[in-house]
Structures are given as structure tokens and as C-alpha cells.
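These notes are about the structure you will find just below.
The values are calculated or read from the model by the stated rules, or taken from the named source; none is laboratory data. What you see is a predicted model; the values in this text were computed from it and never measured. Positions of Cβ are generated from backbone atoms using ideal geometry, with glycine treated the same way; all protein chains shown enter the neighbour counts.
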Amino acid sequence: MKLENLFKEHGRLDLRKLEGNFYSRSLVEKQLNLFWTENPVFHQFVQQNAELETVRKWVYNYLTDYERKTLNNQFYLNMLDRNIARKCIDVMKSIFSKRSEDLTGYSLLHDLIKMGHHNTMQVSLSLIEELRHLFLGMKGNTGSRRQLLFVNQAENPDSRQAAVIRSNALNMVSAQIQQKMARYRCGLDEAVVIRRTLNRNRILAYFGGTKADWHDWTWQCRHVIRDAETLGKLIDLTPGEYEAVRTAVRCKLPFGITPYYLSLMDKEPGRDFDHAVRAQVIPPLSYVEDMIDSRRRGVDLDFMGEKDTSPLELVTRRYPMVAILKPYNSCAQICVYCQRNWEIDDVLAEEAKAPENKLDAALNWLGANTSINEILVTGGDPAVMSDEITRKILDRLACMQHIRRIRIGTRVPVVLPMRITDRYADLLASLVEPGQREVVMMTHFEHPYEVTPESMEAVQRLKARGIPVYNQTVFTIENARRYEMACLRVALRKIGVDPYYTFNTKGKEETRAYRVPIARLVQEQVEEARLTPGLDRTDEGVFNIPRLGKSYLRAGQDHEVIMVLANGSRVYEFFPWDQNFADTKPYLYQDVPVLEFLGAICQRGENSEDYKTIWYYF
């Protein structure tokens, strides 16, 4: 059954139904029988009345035999299928190992033996499809045959003719990429600019403001939209959006949207183009309910374990040469899947500024620790502090001779670009000392629809004064379609922003509606980003490990799949970057099932066939 038909019949998958019984049992049985038919030898192993360790021995001999034949070219696979086969064999050796069972507390092999004896009550379709693709990959039956547009002709004496053939083929590839990226609207498009001008005028009329007010960042902050009633008067909300915001505000979850950022949303709630913009600040009801429940139960929401890496208040240190300073604990607006939004009481809260004594202690500590030579000033959003307070803090940092780089972590170029005034840009530029110290701005554009003439003006104001601007994107279901991230990178380069990191969504349970599998980000980096010019793809896909920090996803030696759970989730073991000098334990991460992602992406109008190689990225 094609995935499109499967999802059309059964609807969007629910991430909370971990047993996979969302699907009819008849469908599960059908796919399981297909798996056994495709793998009769393996089926025989698990049907035997043998001890678990005996079956494990048979399975390892079976996998080793396939590996030997693949390595020795007894299976004449093309280069791509051969590489996939070797990776699939490695994954299966890991997920069937006793060590992986001990680490995860789950035995997939034990469950497969039960399935072989017709006990399928706990079988999920996601698990079956994961196993099917692992075995298909091992045998070189991925179904992902390449369409060769040209053949390298190094031996051809007419090399110029060969070059022309290659160039013509590359024209076809480039045209296909451009066509795919053209699906996504950018905030620089003329029609979008006109639409947002109308939005701005409507919002100004509601608040009784002027065009001059609109460009005043303090006016923007005074008129942050904080409730569902006001929001519903300015844009059309779905019943779900209205209820989520109303419940969040009633239960004192932080919520706020700047008038400027609201103008980036289309008035109608179709989400055809503004889906990522709305999702950034309008929470799903599931998120609100989970946050309320977590607070009620006293759950520690510090997913990244910052308390364990904070030698004193306002300072976080995970790396040898870099430390984080957090002088302001709020923002101009609240992002739903922010790493630290659980710490924020309210948007632009009065008490958000760090007390003088704590800030002074933090700065003294940074001054005394001369092994640190880079400071990330973040929060919250430090750029919404006044120029005077910003100057005081940055001057203290600039007096520390061991500090060679000051980074400002802020989202104001995206949500409040008028904050980057000439005065503020001059302030940052005054701290730059070529050869001694640089000042850098780090920001978070998540979608090309956020890239606007106003954000371009803010960025260029900084760059004209020698302040580089880098972007860190969070990879979510809202920007995970084919070439959606590539389109963002192109838009960023147009306005002068360098792509820096692309973060895989963290495993915070309350943000499950946003999460995508690690495999999709690796697929995007290899199959999409790699085809664009080098300066468009300067970012690196990373996973942020709680308490430890960033792990590079394309560096295969830093992580491996060690298990596939009953619900189809891959379990990754991430190896700590500091293992050479610290007694740090590996981190186990339960990912989003690949099949659930494909279901979600189909519901957004995508063809799952365009993503079929996702199964073979680990």
C-alpha cells in the first residue's frame, strides 16, 4: 500500500499512541506478513522454539554472512546501495545486541520472536516499516535507483564534448532545484511586501498608531499582543488557535507577539505560507495542556540541564573556552519551542533584568576565569535591554583582556528589527578592536517568510559597521519539507546573514508536535543542502545533548542507532565530545518514528515518495 493511500485512509498519526494501535489490526497484520514473506530465513529463526541467545547467534551469523558477501562483491550492488547495505547491517547488529538491550531496557529480538509465534498485540506499523526498510537496505532493494543524467567520460578523447554534456545535465538539476524552492514564499517577494503593508496599516489603525510609531521599537514593545481576544481582532484564528492562546494566558504561560511579527502573518488562518510564523508563537493546544500538567506535577523542564552546567547564577559553561551570560530573562515575544521559555514568567516582565548584585558577581567570575575567551550574551533576549544597560554590561566584558569575542544572542532582527537603531549598532561597533576583539550577532530565522526588507535593513546596519550576523535555525515540522531549508539559506544570504547551525528539535515531550526525526535533517544536509553553492550551506546540522552541548550529526562517529522500540522510535546513543578528559556518560535519545513523520508530511500535501530515502539515514 502506498503511504499516501495509507495516510489518506487512516488520517494523521498521533505521536501519543505509542503502541501503534492507531492503525487497524488488519493493516498491521498485512504489513507484518509482507515482512515475513520478504525475509523467510529470518522468519524461520524467530519461529523456532529456541532460547533468546540461540536465536541471537543465528541472527548474527545471518547478518555477518550478508556483510561478507557485500564487502567481497558477491552481491553486485551499485555504489549507493552497497553503502546503504553496510549501514543497515551495522544498525541491525547494534539493535539486536545484548548491550543495546541492557542500555534501553527493551529487547526487539524478544518481541520479534513473539511476532513469529503470532503474538502481535503490541506490534506497531511504525516498527514493521522500520524493520522492513532495514532488511530491504541490507539486501540492496531500496527502490531508490538513480536517474543518471550523464556518464563521466574521462577516457573520451573529446573531453570538451564530455564537459558540454555534463554542463547541460547540471542545467537540468539546477532548474529542478530552483523549481522546488520556488514553492516557498519569501518575505522579500513584492506581493508579500504589499500584503504586509496592508497588515501593518490594519494593526496601526487598531492601536491608533502612526507610521513613525511602527518604526519605534519601544512603541512595538508597549503594544505587544498578550491575549487571545486582541489577537483574534487582528488576524483570523482557528478555534484551536484561539483556545490554545486563551488557555495559555489564563494559566499564566508566557505569551506575546510584537505588532511587527504579527504583520508577518496572513490575516486568514489557512497557513499556506505563514505556517512557520504562526507556529513560532501560537502554541498547539497539546503543548499548553502538557505544560500545565508538567507544572502541576512539578516536572523539571530544564531539558538541557543548564542547572548542572551553571557554576553560579546567570552563567552557563559547557565548553572549555566559551561561557554564556544571561543578564535578561525575557523577550519581546515568546517562542513556543524555545529552550528556556519555561524560565520566563511573562513577555518583557519587569523583574526580567538580573539584580545588580548577581550580575556583578557573574561578571567578576567571568573576569577571573581567564581560560574563557568567548562570551555569548543571551537570555531571554538581551537586545531588548536599554542601550545604557547594554553599554554597561558590554563595557565590563570588553575590559577583560582574555575575551576575544562577544556574541549577542537575540531574535530582534526577526521579531523586532527596528530595535537595531543606528545608536545600538554604533554601541556594538565601538567594542570591536580588529586583531583583539570581535563582536558578533547570533539570531534565529526559521523560515524564508520571516526574511523581510525590515530585517535586511537591520542586518545591513550591523554589517556596515563590521558586525557579522549568523543564523541558528531550529529544524521542525514547519520547515522540513524538501528544499524549504535551502530556500531559507538563500534568503538569508541575500540580506547578509550567514547560516551557522541547524538544530534538530530537542526531545522535549511537550513540543512533540514540532519534532522531526534526526534522519530527516541528515537527509536534508546530504541530498538538498549539498546541491546548493557552498556559501549557502555554511551551517552544520547538530543535536544539542542535555548538559553537554552540540553533537555534529554528519559526524557518524559521534552517535549510533542502538535500538528500535515497539512504537518504531529509533534510540540513539550520543557519545560525549568531552569523553577524552571527563567521566561523562553517553546520552540516549528516543527519536520520532520515521513513519509518523512521513504521515505528518503527507498531511501537509507532500508526496512521501520524495522522502523515501529517509529510512537509510542514521
Count, please, the residues in the stretch 484-517 that happen to be hydrophobic (A, V, I, L, M, F, W, C), in contact with an Asp or Glu (Cβ under 8 Å, 6 or more places away or on another chain) and more than 21 Å from Ile601 (Cβ to Cβ).
2
Cβ pairs under 9 Å, 6+ apart, first in the stretch 290-309 and without any contact (Cβ under 8 Å) to a residue 40 or more places away in the chain, second exposed (fewer than 14 other Cβ atoms within 10 Å of the Cβ) and part of a helix (DSSP H, G or I)
Val299/Asp293; Asp300/Lys307
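Could you pull out the residue among Val347, Val336, Val377 that is touching a Leu at 6+ places or on another chain (Cβ under 9 Å), buried (at least 21 other Cβ atoms within 10 Å of the Cβ) and β-branched (Val, Ile, Thr)? Give the steps one after another, and end with the answer.
Working: Val347 fails: touching a Leu at 6+ places or on another chain (Cβ under 9 Å); Val336 fails: touching a Leu at 6+ places or on another chain (Cβ under 9 Å).
Within the list Val347, Val336, Val377, the selection yields Val377.
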Right, Glu457: within 14 Å of the chain's Cα centre (by Cα) and touching a residue at least 40 places away in the same chain (Cβ under 8 Å) or not?
no
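Can you name every residue in the stretch 223-247 that is touching a Leu at 6+ places or on another chain (Cβ under 9 Å) and either within 22 Å of Gly380 (Cβ to Cβ) or of a type in the set (A, V, I, L, M) (or both)?
Of all residues in the stretch 223-247, those touching a Leu at 6+ places or on another chain (Cβ under 9 Å) come to 224-225, 228, 231, 234-235, 237, 240-245, 247.
Val224, Ile225, Ala228, Leu231, Leu234, Ile235, Leu237, Ala244, Val245, listed by residue number.
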If we keep just the residues of the stretch 384-408 that are in contact (Cβ under 8 Å) with a residue 40 or more places away in the chain and within 25 Å of Glu446 (Cα to Cα), which is surrounded by the fewest Cβ atoms within 10 Å (Cβ to Cβ)?
Met385
Subset of the stretch 290-312, residues over 22 Å from the mean Cα position of the chain (by Cα) and surrounded by 14 or more Cβ atoms within 10 Å (Cβ to Cβ), comes to Ile292, Ser294, Arg295, Val299, Thr309, Ser310
Restricting to the stretch 349-383, give me the number of residues that are free of Cβ contacts under 8 Å to residues at least 24 places away in the same chain and more than 30 Å from Ile225 (Cα to Cα).
4
So, in the stretch 161-220, of the ones that are touching a residue at least 60 places away in the same chain (Cβ under 8 Å) and not in a helix (DSSP H, G or I), which residue ends up surrounded by the fewest Cβ atoms within 10 Å (Cβ to Cβ)?
Arg183
When you scan the stretch 294-328, how many residues do you find that are part of a helix (DSSP H, G or I) and touching a strand residue (DSSP E or B) at 6+ places or on another chain (Cβ under 8 Å)?
2
Considering the stretch 55-78, residues that are exposed (fewer than 12 other Cβ atoms within 10 Å of the Cβ) and polar (S, T, N, Q), and then whichever is nearest to the chain's Cα centre (by Cα), we arrive at Asn78
May I ask you to say which residue of Arg515, Arg489 is surrounded by 20 or more Cβ atoms within 10 Å (Cβ to Cβ), within 30 Å of Ser286 (Cα to Cα) and not aliphatic (A, V, I, L, M)?
Arg515
What are the pairs, 6+ residues apart or on separate chains, where a residue within the stretch 119-131 that is within 20 Å of Lys87 (Cβ to Cβ) and at pLDDT below 75 has its Cβ under 9 Å from a residue that is buried (at least 20 other Cβ atoms within 10 Å of the Cβ) and of a type outside the set (A, V, I, L, M)?
none
Would you please list the contacts, defined by Cβ atoms under 8 Å and residues six or more apart or on different chains, that run from a residue in the stretch 255-273 that is without any contact (Cβ under 8 Å) to a residue 24 or more places away in the chain to a residue that is in a helix (DSSP H, G or I)?
Arg271/Arg278
Residue among Asp216, Asp272 that is of a type in the set (Asp, Glu) and either in contact with a helix residue (DSSP H, G or I) (Cβ under 6 Å, 6 or more places away or on another chain) or under 23 Å from Ala349 (Cβ atoms) (or both):
Asp216
Which one is farthest from Ala519 (Cα to Cα), of the residues in the stretch 458-498 that are part of a helix (DSSP H, G or I) and of a type outside the set (A, V, I, L, M, F, W, C)?
Arg461
Report every pair of residues separated by at least 6 positions or lying on different chains whose Cβ atoms are under 6 Å apart, first residue within the stretch 524-551 and polar (S, T, N, Q), second part of a helix (DSSP H, G or I).
Thr532/Ala486; Ser551/Asp558
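Taking the stated definitions as given, is Lys326 charged (D, E, K, R) and surrounded by 21 or more Cβ atoms within 10 Å (Cβ to Cβ)?
On the way: charged (D, E, K, R): yes; surrounded by 21 or more Cβ atoms within 10 Å (Cβ to Cβ): yes.
When the stated conditions are applied, Lys326 passes them.
Report yes if Phe543 is within 19 Å of Arg515 (Cα to Cα) and surrounded by 16 or more Cβ atoms within 10 Å (Cβ to Cβ), otherwise no. Talk me through it step by step, then tell me what you get.
On the way: within 19 Å of Arg515 (Cα to Cα): yes; surrounded by 16 or more Cβ atoms within 10 Å (Cβ to Cβ): yes.
It is true that Phe543 is within 19 Å of Arg515 (Cα to Cα) and surrounded by 16 or more Cβ atoms within 10 Å (Cβ to Cβ).
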Considering only residues that are buried (at least 24 other Cβ atoms within 10 Å of the Cβ) and among the polar types (S, T, N, Q), which ones fall in the stretch 453-470?
Ser455
Across the stretch 568-605, the tally of residues that are closer than 15 Å to Val516 by Cα and either of a type outside the set (Phe, Trp, Tyr) or more than 17 Å from the chain's Cα centre (by Cα) (or both) stands at 18
Being among the hydrophobic types (A, V, I, L, M, F, W, C) and within 18 Å of Thr309 (Cα to Cα) is the filter here; which residues of the stretch 540-569 pass it?
Phe543, Ile545, Leu548
Please indicate, with yes or no, whether at least one residue in the stretch 491-505 is within 24 Å of Tyr572 (Cα to Cα) and out of contact with any Ser or Thr (no Cβ under 8 Å at 6 or more places or on another chain).
yes
Please pick out the residue among Ser330, Ser310, Ser371 that is among the small types (Gly, Ala, Ser) and within 30 Å of His275 (Cβ to Cβ).
Ser330
Search the stretch 570-609 for residues being touching a Pro at 6+ places or on another chain (Cβ under 8 Å) and of a type in the set (Asp, Glu), and hand back the single one that is surrounded by the fewest Cβ atoms within 10 Å (Cβ to Cβ).
Glu573
Assuming Asp102 fulfils every condition listed in (1) surrounded by fewer than 15 Cβ atoms within 10 Å (Cβ to Cβ); (2) in contact with a Phe, Trp or Tyr (Cβ under 9 Å, 6 or more places away or on another chain); (3) acidic (Asp, Glu) apart from one, which condition is it?
(2)
